Amino acid sequence: MAIKITDECINCGACEIKCPNKAIYEGGKEWSFSYGTSDSQFKKNNGQIVGSFDLQKPNSDSVYYIVTEKCTECVGFHDEPQCISVCPIDCCIPDENFKETEEELKEKKQTIQIR
Ligand code: SF4
Ligand code: SF4
């Protein structure tokens with residue numbers, strides 16, 4: 001499953017620089033698939049197809065947030081989710097709403113195609 005950040009986040013930014021998929025963004029900042037990827041189109045969780053350079057609304061205005069469509073739980077990069085490892089207050093937790101198998105996560109990593 002993807003990882004999510006809870007409202008307890010203290011906005012230290014430690015997780016953002018550790019994410020191999022560039023799936024973590026500061027609260028209030030727009031995100032895009034193209035940031036850290038090379039795909040031209042992406043399918044969002046709601047089925048909508050968007051251009052990878054299109055700016056998307058922030059998932060949170062106040063704390064750092066994770067884009068579930070870009071989170072692979074670090075599969076293919078690290079043995080454990082890096083955001084969970086570095087968060088000083090343990091507010092990166094599994095998102096029960098986005099469960100994916102190891103195989104699905106590997107495919108997702110291939111799709112993201114990190115530059
Ligand atoms: S689990 Fe890995 S890929 Fe997902 S948001 Fe955390 S650091 Fe990024
Ligand atoms: S490491 Fe934890 S506290 Fe720091 S920005 Fe990330 S989620 Fe928030």
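Springs between alpha-carbon atoms under 10 Å, Gaussian network over the chain: tell me which of Gly27, Gly47, Gly76 tops the mean-square fluctuations. Highest fluctuation among the options: Gly47. Helical runs assigned H by DSSP (4 residues or longer) give the chain a calculated mean residue ellipticity at 222 nm of -3500 deg cm²/dmol, each run adding -39500 (n - 2.57) before division by the residue total.
Straight-distance candidates among the lysines for linking to Lys108, with alpha-carbon spacing under 22 Å and chain neighbours fewer than 8 residues away dropped: Lys4, Lys18, Lys22, Lys43, Lys44, Lys57, Lys70, Lys99. Computed over neighbours whose Cβ is under 13 Å from that of Ile89, the net charge equals -3, Lys and Arg +1, Asp and Glu -1. Pick out which of Tyr64, Tyr25, Tyr35 has the largest mean-square fluctuation in a Gaussian network model of the chain, springs linking Cα atoms closer than 10 Å. Maximum among the listed residues: Tyr35. Averaging the Cα positions of each part gives two centres, and for segment 35-106 and segment 7-21 these lie 12 Å apart. Overall, the accessible surface of the chain at a probe of 1.4 angstrom is composed of carbon and sulfur to the extent of 46 percent.
Accessible surface for the chain, divided over its residues, is 58 Å² per residue with a 1.4 Å probe. Other residues whose C-beta falls under 15 angstrom from the C-beta of Lys29 contribute a net charge of -2, scoring Lys and Arg +1 and Asp and Glu -1.
Comparing Lys70, Lys43, Lys22 in a Gaussian network model of the chain (Cα springs below 10 Å), the most mobile by mean-square fluctuation is Lys43.
The values are calculated or read from the model by the stated rules, or taken from the named source; none is laboratory data. Just so it is clear, the model here is predicted, and its values are computed rather than measured. Here the Cβ is made from the backbone with ideal geometry for all residues, glycine too, and neighbour counts use every protein chain on show. Heavy atoms of the whole protein, side chains included, go into the accessibility calculation; ligands, DNA and RNA do not. Shrake-Rupley method; radii C 1.70, N 1.55, O 1.52, S 1.80 Å.
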